[in-house]
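Take a look at the structure below.
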Ligand code: ZN
């Protein structure tokens, strides 16, 4: 009998054979895999004497196998979105969601974990006990205790939520891809740098047009906001960007996410109430480091009090500099000019000093020095695009630890932003072991012909950020898939490694390794480097207030949902802005309609996590500053207490083990210039 060709992918033991994953195979493959899983789970459900070895470990293996098969599909959908793949992906979402819910609501499995927890309470290792505790918690959060009708309702809600999230993403992607602007008069593009212009000219040539064709990809959007001298162009592009997937702007109503958002919020609220929570924010916090909604709101409030005076000062200074009241599409442009006048440095001028090969060498050597690693490129690995590279990561003594793909450049049909995701999860089970493999995805400007890609310093910081997530995934020493790497880590602590590593992209010693002019090899001149470092605190108040605006909007949206009124999206955003914002935003701005983090990603009632984890990251980094940023003892402790431990322990305990005390907010306030060195020295004496 012929075996289906997709078995090569479903049963792959090594890296996924990306080129062999065909859209038409995806649904049959996933159906077959789920049937096999159901059969095995059925056998475990009737296990009369469940133990960690005969019950929990096989379930961990099944989880590993499923995530390993699905990961490349979900990844391709994000980086290579095309209609056939999108349809296949969407067809699988309800299947996977139903499977997860059935698993989470199985009373037989729940009893099995309870029995293991009770009978082996004396003999389980701490890591194993954590696996069992997490599983029991997740069963409760999946509605294992509900009556059959409520269970069915929960299952329907979860399946609909998965599909709504995909729809949200599609609307954003389609409205982003649809926009373009043809320009034939060079004067309209005054101020834009050569690489953006080259890209736009190439686009025009590809479309058989003279002049330039602008798209709404992230590098182009950012470049226009930062540098386009034409206020009219800035306004037009700002409007296109901020009205994506909405009832406003150039495609008003065409891919409108308004109803999708309402439906998502209504269903999340229903899920929370089914499980006995006041609202979705409380449900989300059941798996977080923050203990209550009140604690989160107080935390955000405290940061707002520290940041708002600074933000108001910064805005006043900026308006004085610009000589006129500023609209939303003027802020970045004038901020960039003010920054240049203060520090005589600009993101665009820095590009030649940050060619991709040099940046990667500096990033890798930072990680190698800190954690005793060796990172080497491996060629000939099958990928999804010619630009994608693969790297092996091993210990200094040569032991293989894992690997990662790097997909760095912006291109059409690729989701915007930057992220790390797991391709293969780590495991060390009796059934076999697997080394962790990560995807690192960015959207930097692709290289011009014959030249290396040239990065802004913002791009460099983003790359460090994602690599920090990657290290969390790849340096894990946890044996069990459900708590290895970033799995099972409290979501508000998951940004700790990423934001921690960002600090290195600002450090003088690292900048010297990272930079080298792509023509001469000359590192970033000392004066320019000092100016760049000084910019770290530039407009920190405005940036913090903006992040707090997103965080408060997201959290209150989920905590104040009222079924009688539906989600008050626009009103609530208005209230939050009224309370803390310092920048005026036009009434037609529809930012929530493309806020994928909270509607399609994992950050629902969790956007505050960035600030929460930034406190942890700044405080952790301050331990390095005290002893030297490459201090090997401190780095070893960070690796042992936090990085390698995944979800195997409580994040607060892990932090205290590393730092010798609970986290303090002052390190972050100092880092962003909201607390003076003298005041910081006083607070840090407290021990
Ligand atoms: Zn991150």
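Restrict the check to region 617-627 and report whether at least one residue is more than 16 Å from the ligand (Cβ to nearest atom), surrounded by fewer than 17 Cβ atoms within 10 Å (Cβ to Cβ) and part of a loop (DSSP other than H, G, I, E, B). No, the conditions are met nowhere in region 617-627.
Among the numbered conditions (1) more than 16 Å from the ligand (Cβ to nearest atom); (2) modelled with pLDDT under 95; (3) buried (at least 23 other Cβ atoms within 10 Å of the Cβ), the only one that residue 552 does not meet is (2). Filter region 141-186 down to residues that are free of Cβ contacts under 8 Å to residues at least 40 places away in the same chain and assigned to a helix (DSSP H, G or I) and give me whichever is nearest to residue 110 (Cα to Cα). Out of the qualifying residues, it is 148. In the set (1) at positive phi; (2) more than 16 Å from the ligand (Cβ to nearest atom), residue 482 fails one condition alone, (1). Residue count for region 427-471, restricted to those that are at pLDDT below 95 and under 17 Å from residue 392 (Cα atoms): 0.
Just give me the residues in region 331-372 being more than 24 Å from residue 528 (Cα to Cα) and crowded, with 20+ Cβ neighbours inside 10 Å, in sequence order.
Taking region 331-372 first, the residues more than 24 Å from residue 528 (Cα to Cα) are 367-372.
367, 370, 371, listed by residue number.
Residues 469, 473: which one is closer than 23 Å to residue 634 by Cα, within 15 Å of the ligand (Cβ to nearest atom), touching a residue at least 40 places away in the same chain (Cβ under 8 Å) and touching a helix residue (DSSP H, G or I) at 6+ places or on another chain (Cβ under 6 Å)? Let's see the steps before the verdict.
Values: 473 fails: touching a helix residue (DSSP H, G or I) at 6+ places or on another chain (Cβ under 6 Å).
Answer to the check: 469.
When region 448-466 is limited to residues that are in contact with a helix residue (DSSP H, G or I) (Cβ under 7 Å, 6 or more places away or on another chain) and away from the ligand (no atom under 16 Å from the Cβ), the one that is farthest from residue 499 (Cα to Cα) turns out to be 448. Only residues that are within 16 Å of the ligand (Cβ to nearest atom), in a loop (DSSP other than H, G, I, E, B) and under 17 Å from residue 621 (Cα atoms) were counted in region 486-522, giving 2. Keeping to region 75-95, report how many residues are touching a helix residue (DSSP H, G or I) at 6+ places or on another chain (Cβ under 7 Å) and in a helix (DSSP H, G or I). Result for region 75-95: 13. Output the residues belonging to region 1-22 that are touching a residue at least 40 places away in the same chain (Cβ under 8 Å) and surrounded by 17 or more Cβ atoms within 10 Å (Cβ to Cβ). Matches in region 1-22: 9, 10, 15, 16, 18, 21.
Of the residues making up region 412-431, those that are under 20 Å from the mean Cα position of the chain (by Cα), buried (at least 18 other Cβ atoms within 10 Å of the Cβ) and more than 16 Å from the ligand (Cβ to nearest atom) are 414, 423, 424, 425, 426. Of the residues making up region 379-404, those that are buried (at least 16 other Cβ atoms within 10 Å of the Cβ) and touching a strand residue (DSSP E or B) at 6+ places or on another chain (Cβ under 6 Å) are 381, 388, 389, 390, 391, 392, 393, 394, 401, 402, 403, 404. Taking the criterion of being touching a residue at least 60 places away in the same chain (Cβ under 8 Å) and either part of a loop (DSSP other than H, G, I, E, B) or touching a strand residue (DSSP E or B) at 6+ places or on another chain (Cβ under 8 Å) (or both), the residues of region 112-140 that qualify are 120, 124.
The values are calculated or read from the model by the stated rules, or taken from the named source; none is laboratory data. Nothing here was measured: the structure is a model prediction, and the numbers come from that model. Glycine also receives a Cβ, built like all others from the backbone with ideal geometry; neighbour counts cover every protein chain displayed.
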